[in-house]
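Notes for the one structure printed next.
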Amino acid sequence: MTKDEVQGATEEEQAQSKKGLKKQQKEAEKAAKKAEKQAKLAADQQGSEEEDFAKDRYGVPPMVQSQQKLDRVLVRVEDLSPEKVDQLIWLRARVHTSRAKGKQCFLVLRQQQFNVQALVAVGDRASKQMVKFAANITKESIVDVEASVRKVEQKIESCTQQDVELHIERIFVISQSEARLPLQLEDAVRPDGEGEEEGRATVNQDTKLDNRVIDLRTTTSQAIFRLQSGVCRLFRDTLTNKGFVEIQTPKIISAASEGGANVFTVSYFKTSAYLAQSPQLYKQMCICADFDKVFCVGPVFRAEDSNTHRHLTEFVGLDIEMAFSYHYHEVIDSITDTMVQIFKGLRDNFQTEILTVNKQYPSEPFKFLEPTLRLEYTEALAMLHQAGVEMGDEEDLSTPNEKLLGRLVKEKYDTDFYVLDKYPWL
């Protein structure tokens, strides 16, 4: 064998020995991982076989069927505050999110538009099995928890109840949701365009409407419905205090209520009827019958193209009718004061709901004056002419000019609400 052949054989043997060494190292690593996995499984099995001292503190109880009356008071999430620190309370809420970390599990419990952070941790009151059970509760499930209210050192910015958290001692699943939901609530309240760079999802309108029950659980939907309810209540209370009488008017009528156009025709036994476009006729009948001041809150139906921001085929109308003694400004004063009372009531009593809606649909704070600004039509025309708009003195306001006038009034008078008086008789 030549010198070159010997050298080549030696290099080949060294290469083979390196490959063999790498193979042995990989096999050793594989064996170590397998042993670690088996050890972990054995430990988990041993843990599960251990006596669960907290087995009566969690689980899925029988369906509630009014078989027993519990002497238990359920606390509202919105009422959880530092005043309840160290109190042991019962609470019913939905599991909004959950996150397991070691021997503890963090939950966010939601009740309507309010939520609070809760903690289940291994200790005297909770076992490993109880923590594991809590971590596996599906989102949107309804749970009953018994927990101690604790004050936190740092505010919990992600929850509405920022100054306290719950340390859970008992947790029971009252109604368990499906593991896979058609939409996530945090995605449904995300503003359009937010999170696109991070790849976070948003939910389109069709998906929301197809799964309306879940969409109605979002904080935004909860807030919108409460604001709507608040507007109706403030409208009723204000007018009742002014001596108005609430009336209920027919919604199925024998003839069109406003000129015969744009009405919905419905079959009424052997003839036709119409859905009311307005309660106007019935309000005026009451005024002529000496009721003096009336109002009504009810549905209105109009067969108009709803593919615009200014037309709806169905809406809730807030209608006023009143007699005046000497001047129509008596009516304007009554209407504007009613609107101002509604604005003040929303501002003073519904800030939580307004801020919630603003998170998904940002907008500037609504501004109004007291008393309300009354702008004559000639003054409005002068403002539009000064802004470069060309229109006649008795010409009707177009939608673009109406919006422009609103911006001009806001800049000059710092109000979003005003009355345009002495509109030309067209």
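Listed by chain and number, the lysines placed with their C-alpha closer than 30 angstrom to that of LYS139 are LYS37, LYS40, LYS55, LYS69, LYS84, LYS101, LYS103, LYS128, LYS151, LYS155, LYS208, LYS359; residues fewer than eight positions away on the same chain are left out. Helical runs assigned H by DSSP (4 residues or longer) give the chain a calculated mean residue ellipticity at 222 nm of -12000 deg cm²/dmol, each run adding -39500 (n - 2.57) before division by the residue total. Using Cα atoms only, what is the angle between the long axis of helix 219-241 and the major principal axis of the chain, expressed in degrees (0 to 90) to the nearest 10? In the chain, helix 219-241 runs at an angle near 30 degrees to the longest axis. Counted over all Cα-Cα pairs of region 101-232, pairs farther apart than 26 Å make up 34 percent. The convex hull defined by the C-alpha atoms of region 227-351 has an orientation-averaged projected area of 9.6 nm². The angle between the Cα long axis of helix 351-360 and the longest principal axis of the Cα atoms of the chain comes to about 70 degrees, rounded to the nearest 10.
Loop exposure criterion: GluC sites (Glu not before Pro), DSSP state outside H, G, I, E and B, at most 15 other Cβ atoms within 10 Å. Applied to the chain, the longest stretch between such sites is 52-152. With only the Cα atoms considered, the chain has a convex hull volume of 358 Å³ per residue. Build a GNM of the chain with springs between Cα atoms under 10 Å apart, and of ASP290, ASP86, ASP237 the one that fluctuates most is ASP290.
With contacts taken as Cα pairs under 8 Å at a separation of at least 6 residues, region 367-425 carries a relative contact order of 61 percent. Within region 227-351, how many Lys pairs sit with Cα atoms under 21 Å apart, leaving out pairs fewer than 8 places apart on the same chain? Summing the qualifying lysine pairs gives 7.
Take the Cβ atoms of LEU408 and GLN104, set R0 to 45 Å, and the FRET efficiency comes out at 0.15.
Taking Cα centre as origin and charging only the Cβ of basic (Lys, Arg, +1) and acidic (Asp, Glu, -1) residues, the dipole magnitude of the chain rounds to 2140 debye.
Label-to-label distance, VAL152 versus ASN211, with points set 7 angstrom from Cα along the beta-carbon direction: 2.7 nm. Across region 196-305, the relative contact order, built from alpha-carbon pairs under 8 Å that are at least six residues apart, equals 24 percent. Distance between the modelled labels on TYR268 and ARG200, one decimal in nanometres: 5.3 nm (7 Å Cα→Cβ projection). Given their separation in residues at 0.36 nm each and the Cα-Cα distance between them, ASP333 and TYR377 gain 14.1 nm when the chain is fully extended.
About its Cα centre, region 367-425 has a charge dipole of approximately 280 debye under the convention of +1 per Lys or Arg Cβ and -1 per Asp or Glu Cβ, with nothing else charged.
Averaging the Cα positions of each part gives two centres, and for region 132-190 and region 216-283 these lie 39 Å apart. For the chain, the residue among VAL149, GLN129, THR415 whose Cα projects farthest onto the positive side of the dipole built from Cβ charges is GLN129.
Could you give the angle, 0 to 90 degrees to the nearest 10, between helix 3-49's Cα long axis and the longest principal axis of the Cα atoms of the chain? The angle comes out near 60 degrees.
Regarding region 313-426, what's the average projected area of the Cα-atom convex hull, expressed in nm²? Could you put the intermediate results ahead of the total?
Working: hull surface 39.1 nm².
Averaged projected area of region 313-426's Cα convex hull equals 9.8 nm².
When +1 charges are put on Lys and Arg Cβ atoms and -1 charges on Asp and Glu Cβ atoms, the dipole computed for region 58-175 relative to its Cα centre reaches about 440 debye. Look at the alpha carbon pairs under 8 Å that are at least 6 residues apart: their mean separation over the length of the chain gives a relative contact order of 10 percent.
Rule-based calculations on the coordinates, nothing more; no lab input. Being a predicted model, the structure only gives us computed values, none of them experimental. In this analysis, Cβ positions are derived from the backbone assuming ideal geometry, glycine residues included, and neighbour counts consider all displayed protein chains.
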